[in-house]
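Following: one structure in structure tokens, then a few remarks.
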Amino acid sequence: MSLDSSSVVLRDRKRAGVSVSEVDTGARLVAGLTSTLEPDEALRIRRKIDRYVMPLMIQFMDKLTLGSAAILGIQLGTAFYLGYILFEYPQNLALQRFPVGKWMSINIFAWAIVLACHAACKSFRGLLVVRLLLGVCEGSITAGFLIVSSMFYTRMEQTLRVGYWSLMIGTAQIISGFISFGVLHIKTTGFEPWQWLMVITAIMTMILAISFWFLFPDSPTNAWFLTPDERVKAVQRLKENQTGVENKHFKMEQVIEALTDPKTWLFALLSALCNVPSSLLNQQSLILASFGFSYLQTTLLSCIPGVIQVLIVFTGVRLAIRQPNSRAYVAAMYFVPAWLGVLLVNLLPWSNRVCGLLLRVYQVVFNIASRMISGWTSCRPVPGCVMLVVFFHAHRSIAGFTVPGFVLTLSWLNNVTAGHTKKVVTNATILSAYCIGNAAGPLMWKAQYKPRNHVPWAVIGTCYVVCPLLLLVIRAVLARENRIRDAEPVDDGEEYVIERITEDGKHVEVKVDKEFLDLTDRQNRDFRYVL
């Protein structure tokens, strides 16, 4: 049978204002399907999707070269995010218009070329241009991962999967630190260590781009690793999401709804404020160097927060899925120790040995690390600087507690937005706000605030207070909407059908579930917001 996706009939005219002119791509597979999917079979399909999709969601390391490059000689983090924000909306619209996997692979390929071009730059202007272009390419990655996660996984599964591919931020920080440590040992005339870093990461990215082109799926409706029957079941699994799979038809009414939905801007504000403290990523290498450690030692010490971040994100997402409707509470909880870290950095004197007693475990770790690094590099750290490293990394590690807040925000946003055009516009808005936070953060660290940097820490502390409050406000807004919908009368009079053409040319009407009509979360009154 073939399907004319524009042939949609609304039997019940009481909701004729709902636009159903273009159904979801999943409707092509499951329209008229009456059989139910057995739990064991659904689990088998999910595990197969995990095996083929999750391993490729690791495209984060190149962004971490921003932090490593800062200590190796490049400080252009803000330029990266300017390129990101300028092209975030075009990138998201392209993700809707073109096959997701192929569009992402093209961007990753371009990313690799831009990374390699860094090594050829001889002026600040050249570095500025390639850094801007790097941000342009990055704009498709997180947005693409969010779309793919919503296309392949149920709402409960998305929380964990978004957490898993977000773990690569911390993992990349570790890998990037070791690569940076290695390239600092390369001594070549006329070719600086930061240039080697860009060449090496460009080669790695090129390999990944090729893998994406051939292996990364565009949708469960055409995933190469699923049989035709498994594709139907993969789509059938998503019925509970009430969000469908995808729709390539751009709908202006969904754009307007996305931009007038209060929760879009609440999430956007949360995204911006969550990422202002991310400037610590670039600052940590510079601050460590200011303590008297060599560049070699600093690159290795910068790996420690990555380890801690991996552990924190993993525990955060696992805790969120163990307690139903707890995303806001879990995310808010992780801001508390970060806020306490800000107080420690600002209120305790640098010479106060109590800091060492409070953070004794860090002292032991970093004393050992200092001796190991001294042995590896044949260098000795400046006397007394170990306590300063303990002091700084104690806060940097505690600040990592806020990362689960942003990771849970991304997965939560995916869970409470329906309508494919609305979803891509909402994603673009939230990721643009993410760029604003990241671009603004480094601007706080001015010379007049040194050495204690009380003003930047005050801004970061304010963010740590406002973010959990925003999480609770968003939860209250969504909970109120759920109560309103629960009180509405159930309307069983609606029926939606699509027209199929059989092999012998006959036109037949087949019922399609509302979940695959590409309705937004506002239009579909059966939609309930997860909390």
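A few points about this structure:
- Residues within the range 34-70 that are farther than 21 Å from residue 140 by Cα, aliphatic (A, V, I, L, M), out of contact with any Asp or Glu (no Cβ under 7 Å at 6 or more places or on another chain) and at pLDDT 80 or above, tallied: 3
- Residue 234 vs. criteria crowded, with 22+ Cβ neighbours inside 10 Å and assigned to a helix (DSSP H, G or I): yes
- Some residue of the range 143-161 being under 30 Å from residue 233 (Cβ atoms), open to solvent by 40 Å² or more (accessible area, probe 1.4 Å), more than 12 Å from the chain's Cα centre (by Cα) and not charged (D, E, K, R): yes
- Where a residue in the range 148-166 is over 22 Å from residue 247 (Cα atoms) and its partner, wherever it lies, is outside any loop (DSSP other than H, G, I, E, B) and open to solvent by 10 Å² or more (accessible area, probe 1.4 Å), with Cβ under 6 Å and at least six apart: 159/321; 160/321
- Out of 215, 226, 208, 238, sole residue that is modelled with pLDDT under 85 and hydrophobic (A, V, I, L, M, F, W, C): 238
- Pairs meeting the criteria (first residue in the range 186-198 and over 20 Å from residue 110 (Cα atoms), second residue open to solvent by less than 70 Å² (accessible area, probe 1.4 Å) and among the aliphatic types (A, V, I, L, M), beta carbons under 8 Å, at least 6 apart or on different chains) are 191/119; 192/72; 193/72; 193/183; 193/184; 193/186.
- The residues of the range 122-145 that are at pLDDT below 85, aliphatic (A, V, I, L, M) and over 16 Å from residue 202 (Cα atoms) amount to a single one, 128.
- All conditions but one from (1) surrounded by fewer than 22 Cβ atoms within 10 Å (Cβ to Cβ); (2) over 22 Å from the mean Cα position of the chain (by Cα); (3) within 30 Å of residue 527 (Cα to Cα); (4) in contact (Cβ under 8 Å) with a residue 60 or more places away in the chain apply to residue 225; the one that does not is (3).
- When the criteria are applied in full, residue 190 meets the requirement of being at positive phi and not aliphatic (A, V, I, L, M).
- All conditions in (1) surrounded by fewer than 18 Cβ atoms within 10 Å (Cβ to Cβ); (2) touching a Gly at 6+ places or on another chain (Cβ under 8 Å); (3) within 23 Å of residue 57 (Cα to Cα) hold for residue 245, with the sole exception of (1).
- Test for residue 475: is it charged (D, E, K, R), under 30 Å from residue 529 (Cβ atoms), free of Cβ contacts under 8 Å to residues at least 12 places away in the same chain and in a helix (DSSP H, G or I): no
- Subset of the range 300-314 (residues that are at pLDDT 65 or above and part of a helix (DSSP H, G or I)): 304, 305, 306, 307, 308, 309, 310, 311, 312, 313, 314
The values are calculated or read from the model by the stated rules, or taken from the named source; none is laboratory data. Computed from a prediction, not measured in an experiment: that's the story for all the values here. Please note: Cβ atoms are built from the backbone with ideal geometry, for glycine as well, and neighbour counts cover all protein chains shown. Just so you know, the surface numbers come from the protein's heavy atoms only, side chains and all, with ligands and any DNA or RNA stripped out. Shrake-Rupley method; radii C 1.70, N 1.55, O 1.52, S 1.80 Å.
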